[in-house]
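Engineer: First the structure, then my questions, so here it is.
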Amino acid sequence: MAEAAAVVAESLAGGRARAARTVLDQVVLPGEELLLPEQEDADGPGGAGERPLRLNAGARARVRVVCGPGLRRCGDRLLVTKCGRLRHKEPGGGSGGGVYWVDSQQKRYVPVKGDHVIGIVTAKSGDIFKVDVGGSEPASLSYLAFEGATKRNRPNVQVGDLIYGQFVVANKDMEPEMVCIDSCGRANGMGVIGQDGLLFKVTLGLIRKLLAPDCEILQEVGKLYPLEIVFGMNGRIWVKAKTIQQTLILANILEACEHMTADQRKQIFSRLAES
């Protein structure tokens, strides 16, 4: 880690931009400019030509690049805004481009459009609910943003209830806005979470780890006890098992899994299965 940080610091001091393909899964620092491979190099396939990301390039470079958390478009450049490891996901067609983001250990949540989060209703102001999502300011939630809600048929939402929804508005210049319906007007699992269960907070990195398609932790946890679980991208987890003891055990396991190795997790799960 120290060697990677030293390489990044040297690159920044020299004012040189680094190629994104050479620093995948490596540490990047805020302020660094990334270079993307030339899609149609004059030297042919596999050429060494590289260029900065150009958003308004001509038909010669029709490649879609999506910037995830930790990256920002500044004019025609791709800048790093967070310290962490650079990640990349290839597009489905395999035609280049894809999604780039910085995987960082961040505690404070910043609302992102489309994220599914768990919020706590803190106040009701007219037809709008104020929901605490762990950000710098509360999000707004309209009473019409529920499945089947009308002016006569209002949802039963009280102060202190847990809400699972997604952001439709989230930027630095506007108040974040949540809804509990999808694009088709269906709840699709969103809405008021049950009164029972346990809500606890973990790091944002652990949430992304648990929601990964190849995560083995949830598969092992599901074999221990029957449970209901809800993950929020804001670092909140709601879990419910048959008994309070089982609920507390599951919560403790999920919190401790972030700093466990695969062998340590297997030992813990085997002990719990025997007991």
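Engineer: For Q105 and A149 in the same chain, what is the full-extension length gain: residue separation times 0.36 nm, less their Cα-Cα distance, in nm?
Structural biologist: The span from Q105 to A149 would gain 12.0 nm if fully extended.
Engineer: Taking only protein heavy atoms into account and a 1.4 Å probe, give the accessible area per residue of the stretch 135-178 in Å².
Structural biologist: With the other protein chains kept in place, the stretch 135-178 gives 58 Å² per residue.
Engineer: Right, something else. Could you derive backbone 3J(HN,Hα) for the stretch 215-225 from the dihedral phi with the Karplus parameters 6.51, -1.76 and 1.60 (θ = phi - 60°), listing whole Hz in sequence and x where the residue is Gly or Pro?
Structural biologist: Values per residue, Gly and Pro as x: 6, 8, 5, 5, 5, 6, 5, x, 7, 6, 9 Hz.
Engineer: I'm a student and want to see the number: the projected area of the Cα convex hull of the stretch 190-275, averaged over all directions, in nm².
Structural biologist: For the stretch 190-275, the mean projected area of the Cα convex hull comes to 5.7 nm².
Engineer: If you don't mind, there's one more thing I want to ask. Roughly how big is the stretch 134-223's charge dipole about its Cα centre, with Cβ charges of +1 (Lys, Arg) and -1 (Asp, Glu), in debye to the nearest 20?
Structural biologist: That gives the stretch 134-223 a dipole magnitude of about 180 debye.
Engineer: Here is a further query. Ratio of the stretch 225-275's C-alpha Rg to 2.2 N^0.38 Å, to two decimals?
Structural biologist: So the stretch 225-275 has a normalised radius of gyration of 1.19.
Engineer: Over the Cα atoms of the stretch 79-204, compute the convex hull volume and normalise it per residue, giving Å³.
Structural biologist: Taking the convex hull of the Cα positions in the stretch 79-204, it is 150 Å³ per residue.
Engineer: What per residue convex hull volume, in Å³, comes out for the stretch 130-275 when only alpha-carbon positions are used?
Structural biologist: 133 Å³
Engineer: Let me ask something else. Distance in nm between label sites at L248 and K209, each 7 Å beyond Cα in the beta-carbon direction?
Structural biologist: 2.4 nm
Engineer: Whose amide H sits under 5 Å from the amide H of C83, counting only residues 5 or more places off or on another chain, with H placed in the peptide plane?
Structural biologist: Under 5 Å from the amide H of C83: no residue qualifies.
Engineer: List the pairs from K201/K266; K124/K201; K107/K209; K124/K172; K82/K107; K82/K172 whose alpha-carbon separation is above 18 Å, in the order I gave them.
Structural biologist: K201/K266; K124/K201; K124/K172
Engineer: Using a cut-off of 20 Å between alpha-carbon atoms, which lysines can reach K242, once sequence neighbours fewer than 8 places away in the same chain are excluded?
Structural biologist: Answer for K242, where 20 Å is the Cα cut-off: K223, listed by chain and number.
Engineer: Accessible area, 1.4 Å probe, largest first: how do C83, C74 sort?
Structural biologist: From most accessible down to least: C83, C74.
Engineer: Separate question: Could you tell me the largest-minus-smallest coordinate of the C-alpha atoms of the stretch 92-144 on each of the three principal axes, in descending order and whole angstroms?
Structural biologist: Sorted from largest, the Cα extents of the stretch 92-144 read 50, 28, 13 Å.
Engineer: So if I take the centroid of the Cα atoms in the stretch 157-172 and the same for the stretch 198-275, what is the distance between those two points in Å?
Structural biologist: The distance from the Cα centre of the stretch 157-172 to that of the stretch 198-275 comes to 24 Å.
The values are calculated or read from the model by the stated rules, or taken from the named source; none is laboratory data. Note that the structure is predicted; figures quoted are calculated from it, not measured. Note: ideal-geometry Cβ built from the backbone for every residue, glycine included; neighbour counts use all protein chains shown. For the accessible areas, the whole protein counts, side chains as well, though only heavy atoms, and no ligand, DNA or RNA atoms are used. Shrake-Rupley method; radii C 1.70, N 1.55, O 1.52, S 1.80 Å.
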